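Here's the structure we're looking at; comments come further down.
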Amino acid sequence: MGSPVSVSPTGSPTGSPSVAPCAEPPAAEVLRQDGQREVFCGLTSIVWLHRRMPDAFFLVVGSRTCAHLVQSAAGVMIFAEPRFGTAILGERDLAGLADANDELDRLVTDLLARRPEIRTLFLVGSCPSEVIKLDLSRAAERLTTRLAGRVRVLNYSGSGIETTFTQGEDNALQALLPLMPSSDEPQLLIAGTLADAVEDRFLVLFERMGLPPVRCLPPRRSTELPPVGRGTKLLLAQPFLGGTARALQHRGAELVEAPYPFGVEGSRDWMAAAAAAFGVDPQRVAEVLDPLVERGRRALEPHRRVLEGRRLFLMPDSQMEIPLARFLHRECGMELVEVGTPYLDRRLMAGELALLPPGTRVSEGQDVELQLERVRAARPDLVVCGLGLANPLEAEGIATKWSIELVFSPIHGCDQAGDLAELFARPLRRRSLLSFA
Amino acid sequence: MELTLWTYEGPPHVGAMRIATSMEGVHYVLHAPQGDTYADLLFTMIERRDRRPPVTYTTFQARDLGGDTAELVKRSIAQAVERFQPEALLVGESCTAELIQDQPGALAAGMDLGGIPMVNLELPAYSKKENWGAAETFYQLVRGLLKASVPPPGTPKPAPGRWREEGRRPRVNLLGPSLLGFRCRDDVREVTRMLAEHGIDVAVTAPLGARPADLLRIPTADANVCLYPEVAGTVCSWLERSFGMPVVRTVPIGIAATESFLQEVHRVLDLPQPPADGAAREGERRSRLPWYSRSVDSTYLTGKRVFIFGDATHAAAAARIAAHELGFQVVGLGSYSREQAREVRAAAAELGLEALISDDYLAVEQAMADAAPELVLGTQMERHSAKRLGIPCAVISTPLHVQDVPARYAPQMGWEGANVIFDSWVHPLMMGLEEHLIGMFRHDFEFVDGHRSHLGDGAPSVAPAADPVHGGSATATATATLTAPVEAPAQAPQAGEGVAGAIRWSPDGEAELQKIPFFVRGKVRRNTETFARERGIALIDAETLYDAKAHFSR
């Protein structure tokens, strides 16, 4: 719903998109849409963040809706007591009958008494807590003091009025940042949650190339935060960490410009850029990475055969759409119909946009009804979208890939490129298997 | 402020979505931020719906708050009406929009909607929950459409036999079935078929599959059947008060309840009662449950300890079936439905129990562990708790998971419902003869301790095969793709285990314990330790074990 913000006078409201020329050189044209969005809010990132830091607890301060959202998005109730929960605001809290701060203190005390293993508690702001202006940063300070160093209490906002889906991680990492010690020691800092196995692999490869110490944010233990300072070269593993990157640069880190480590090419260039930043001999880099590239391409090949020439439409969702489109086009031979992104961070996407074929339609924001009309008009072979849209599109005869799988799966790195391609090839392969005649 | 880890019910606007999505020709404009669109996946994934829910979200953002969010609401309403051309419009807000007080319903009332009926939904998000929201929405929608045709006060109630005078078959409405309810799709078919066999027609089924125009026909029926009180209780009471329409309140789950239901329907419609005793009884003829329950293999079901938790309707029905129609011993009964707590308390009292009314799943899990049941009948939440405790479980109630929406015909109500219940509650248990044979042959060398029935669930699950809950889907994703190590499920303490530290087992006690079939060994160990603790016995030997066995034998 709503009207597009930047519409050329000739742009029709449906079907053919109105395109505003991009201010910067990249070949892509950008269609801005401002209407109904079909995107998760930043609270959703708790689902992977809590697994990354097993000594942290994420307490959403919000409503029953927040609790239901995290539970529905997580969908996995394998934990008797998960390390996330919701402090549900009640009428008494809103009416001021109960001081919300006292209530929060009581609830946190109970929670920590029950979970003595927790070292870091994140108070996560939500839409309702932001609207009633509940000051969680003061609450976090107060609780940290009261808990006297036993548990650190931090806060950030995952509210849907300010953040989409993966932006929650950007905010969570920024909450950790003030606790990072300062050091000008040379190091490579990888920011963004990676699957542990994938991260281990990258660390081995960087070591083989002879890089100085490599550290990761978020760390596996919430209390073992890496330092940051003028010797830090920052390498982003995820494309949605604009705020974190700026804040780390403010602390002296230097951002390594690179594509994101999706696919063989992206992963290779990502690692090579880090090596170059430390002046590693390109010959050495090639020695380490060339065999990986060769093996990665072999793993891609069967999936490339399925995907090549197929037309791809990405709905805005995880903020990984642009790098994935680059991978699926350049390495898997897919044609790009539209590449949606919840928001366009031109600084972090500059390198990726430059790799998209000229004339690619990139859309920023969403007006879901109009976008679905474009999908129906274009009849792509595959649509990458959220779970709310997948079955309805399948029922219209359009194959889909759920985007949420991309944030749960180990997809980074040369060795994962085949698996990543397989995620997209599977729906197509499945369609060719099924027959009811 | 209340700490919640997993919840049984969503917010009330999700209840409203269930009504809108169950119906045809209804659209719901929801003033809500973008994250609230997650609710779509409940329908598209759990119910495998092939269409998006008919909901337009305003998806306001922080930057809109300084400006005119009311304008955004009006634009959303106008565009939704134009695009979807609904036959009735629901307008409401979720928790966050409730705080900014745009009053979308009032805004809609001031707009020209081209004569489409509009219902302003005010669902207090900070005090109410999903089922209440569904009931209130259904009531407001029916009332909104029918209030103009309410007969004036003092109008005599329609006579129960008016169908006779009008020269037609009697007819009733089936009210309450909705999406994300438990087996509603199949219950409607079963109840409709059953009524048809008695010459009774169904005028309107709602909300599931109904259009607004169908709701206008509700008063043309002779009675309303309140199939799901959680959703239809409020509207049935209003129709009774306003139109003098009698309500059939017995929910036909189980043989006895189905027979009572038919008797109630016949009474309300002034029809001769169906035969009430002997082999002529319909339940005996039409369902296999009575015979299956009497047949010899079922003797092993006698006294099986069962713990029951769910919504009020299904939990209370399950307790009566378990106790009277399967010969189980109900050792715990509860519900998360506070609105219907009275019915559950009454059902518990009949069985000499005190009902557990709680929406804290950890309290439910603790009660389950304390009751040491052999079978759990619960929601998806209890399925997970039971799995952790190593107890077989069957799901009988919402909240549900994609696997609770089966492809096959699997009602809970009526004669076929009773058959389905027999199968789905008995299958998680070891079959009678099989259990007997395992006990007989367990000393044979081929027998590997830990062998389990292909149907059974002998031991607590350790492998954390990600277990999808109501999230559906996101779920299956994680299951399929998490390759990083999954956190081991925190083991809830087994009953009694926590304090068992002071008690030791002597070698002959342990030896005797090992002779007991593995699938009851855990229970015997717990019982014996409880027995020892109560008597201050620190060392359990074979004699203590047999003393305890005698004490607990039933």
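Read the figures in this text as sums done on the coordinates, not as results from a lab. A quick note: this is a predicted structure, and the numbers were derived from the prediction, not measured. Positions of Cβ are generated from backbone atoms using ideal geometry, with glycine treated the same way; all protein chains shown enter the neighbour counts.
Summary table
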| quantity | calculated |
| --- | --- |
| Built amide H within the under 5 Å cut-off of residue B:245, gap 5+ | B:240 |
| Chain A: calculated mean residue ellipticity at 222 nm from DSSP helix runs of at least 4, using -39500 (n - 2.57) | -13000 deg cm²/dmol |
| Positive-end extreme of charge dipole, chain A - chosen from A:406, A:158, A:385 (charges on Cβ) | A:406 |
| ³J(HN,Hα) computed for each position of the stretch B:219-228 - Karplus, 6.51 cos²θ - 1.76 cosθ + 1.60, integer Hz, glycine/proline x | x, 7, 8, 8, 7, 10, 9, 8, 5, 10 |
| Prolate/oblate/rounded label for the stretch B:167-233 (Cα gyration tensor, a/c 1.5) | oblate |
| Computed magnitude of the charge dipole of the stretch A:299-436 (debye, nearest 20; Cβ of K, R +1, Cβ of D, E -1) | 360 |
| Global geometry of the protein assembly as shown, whether rounded, prolate or oblate, following the gyration tensor of its Cα atoms and the 1.5 cut on a/c | oblate |
| Over the stretch B:1-158, relative contact order from alpha-carbon pairs under 8 Å, at least 6 apart, % | 32 |
| Net charge dipole size for the stretch A:187-285 [Lys, Arg +1 and Asp, Glu -1 on Cβ; Debye, nearest 20] | 260 |
| Modelled label reach - residue B:409, point 7 Å along Cα→Cβ, the stretch B:279-310 residues with backbone N closer than 17 Å | B:286-289 |
| Considering only the protein assembly as shown, percent of DSSP beta bridges that pair antiparallel, nearest 5 | 10 |
| Nonlocal amide H pairs with residue B:334, under 5 Å, H built at 1.01 Å | B:308, B:309, B:310, B:356 |
| Relative contact order (%) - criterion: Cα under 8 Å, at least six apart; region: the stretch A:187-285 | 29 |
| Cα-Cα over 32 Å, subset of B:129/B:157; B:128/B:387; B:129/B:387; B:304/B:515; A:233/A:401; A:401/B:74 | B:129/B:157; A:233/A:401; A:401/B:74 |
| Tensor-based shape of chain B (alpha-carbon gyration tensor, a/c under 1.5 rounded, otherwise prolate or oblate) | oblate |
| Vicinal HN-Hα couplings computed from phi for the stretch B:395-410 (Karplus, 6.51 cos²θ - 1.76 cosθ + 1.60; Hz; Gly/Pro x) | 8, 10, 7, 5, x, 10, 10, 3, 6, 8, 10, x, 5, 6, 6, 9 |
| Cα→Cβ-extended label distance, 7 Å offset, between residue B:106 and residue B:504, nm | 7.5 |
| Centroid-to-centroid separation of the stretch A:295-358 and the stretch A:107-122 [C-alpha atoms, Å] | 42 |
| DSSP-defined antiparallel bridges as percent of all bridges, the stretch B:99-231, nearest 5 | 0 |
| Cα centroid separation, the stretch B:279-310 to the stretch A:220-242 (Å) | 63 |
| Debye log10 I(q)/I(0) for the stretch A:41-163, one point scatterer per Cα, at q = 0.10 Å⁻¹ | -0.27 |
| Unit charges at the beta carbon, dipole of the protein assembly as shown: most positive-side option, A:180, A:340, A:61 | A:340 |
| Given charges at beta-carbon only (K, R positive; D, E negative), |dipole| of the stretch A:36-166 in Debye | 420 |
| Taking chain B and dividing mean pair separation by its residue count, relative contact order in percent (alpha carbons under 8 Å, at least six apart) | 12 |
